[in-house]
Every structure is written in structure tokens, then in C-alpha cells.
1. When the chain is fully extended, how far beyond the present Cα-Cα distance does residue 62 get from residue 18, taking 0.36 nm per residue of separation?
2. Give the order of 52, 101 when sorted by the count of other beta carbons within 10 angstrom, beginning with the fewest.
3. Arrange 75, 100 by Cβ neighbour counts within 10 Å, fewest through most, would you?
4. Which FRET efficiency value, to the nearest 0.05, is calculated for residue 36 and residue 115 with the Förster distance at 41 angstrom and r the Cβ-Cβ distance?
5. List the aspartates and glutamates whose alpha-carbon lies under 15 Å from that of residue 24, not counting same-chain residues fewer than 8 positions away?
6. Label points 7 Å out from Cα along the Cβ direction at residue 9 and residue 28: separation in nm?
7. For 50, 10, 121, what's the fewest-to-most ordering of other Cβ within 10 Å of each Cβ?
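Computed from the coordinates by the stated procedures, all read-outs in this text should not be read as laboratory data. Everything numeric in this text was worked out from a predicted model, so none of it was measured. Using ideal geometry, Cβ is built from the backbone for each residue, glycine included, and neighbour counts are taken over all protein chains shown.
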Amino acid sequence: MVDNNFIESFNAWILEARHMPIIKMLEEIRVKVMRRLVSNEAKVEFNGDFGYEVTKGDNRHTINLKDKRCTCRSWDLSGIPMLSRPCCMIRVEPGTQIHWYYCKEAYLLTYKNKIQPIRKFKF
């Protein structure tokens, strides 16, 4: 028997649905999951030529698609836009928004030179 906080929490979350017939129970759980996913979505607002504001909970970040920058700095650090950013990029080619070192050419440049073996040193 598995007994942990996740299962306890989930059982408490679906307490009302647990006593329903199976089809109604699954439908109730599906609706609850969908509502939860929607409540976690970020809200995006247009903020100028290439600017957007993304609000999620108490956090608000400004995105500049032209400069490929976000105030959360995740784009600067990873080179990949966060998951809430694609909704800002409706008219933008997604491949242009990812840093060049994730492309095939950068990979091939990395392994272009062969590593030559060196002689064994005697210690």
C-alpha cells in the first residue's frame, strides 16, 4: 500500500467525485484538472511594437521579442524562451527566437576537429 502526501492530497482533492459512478467521477476529475490548468496559465498583453507583458499570479514580466529579452532573465540565461512566451510569438518564426548554439550548425562546429591521441607519459 502506497501512503504518501501526494496521494493523500489527491484523494482530498477528488473527495466529492470519489463516491460517484465511474464515468461521472472521471468526468468530474477531468473538469477539475482543466480548471486547474487554466488557472495556472499566464495572461499576455500587448505592450508596443515588440513588447508584451506576461502576468502569472503576482509575477509580471516584460518581454521584448526584438531584443530577445525578458525581465525574468530566463531567456538570457538559457537562450530558449519560457513556455509562456510562444503566445506572444504568433506572427514570429519560432526558430528565430532560439539562440544559435542550439542549431545543427553549432553542434557540427563543436565536433568539427578530431581529438588526436597523445603519447602515454611515464610517471
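1. Working it through step by step, the gained length comes to 11.6 nm.
2. On the way: 52 20, 101 11.
Going from least to most buried by this count: 101, 52.
3. Numbers: 75 22, 100 8.
If I rank by nearby Cβ atoms, fewest first, I get 100, 75.
4. On the way: r = 50 Å, r/R0 = 1.22.
With R0 = 41 Å, the Cβ-Cβ based efficiency is 0.25.
5. Partners found: 16.
6. Calculated label separation equals 2.1 nm.
7. Working: 50 14, 10 11, 121 5.
Ranked by crowding around the Cβ, least crowded first: 121, 10, 50.
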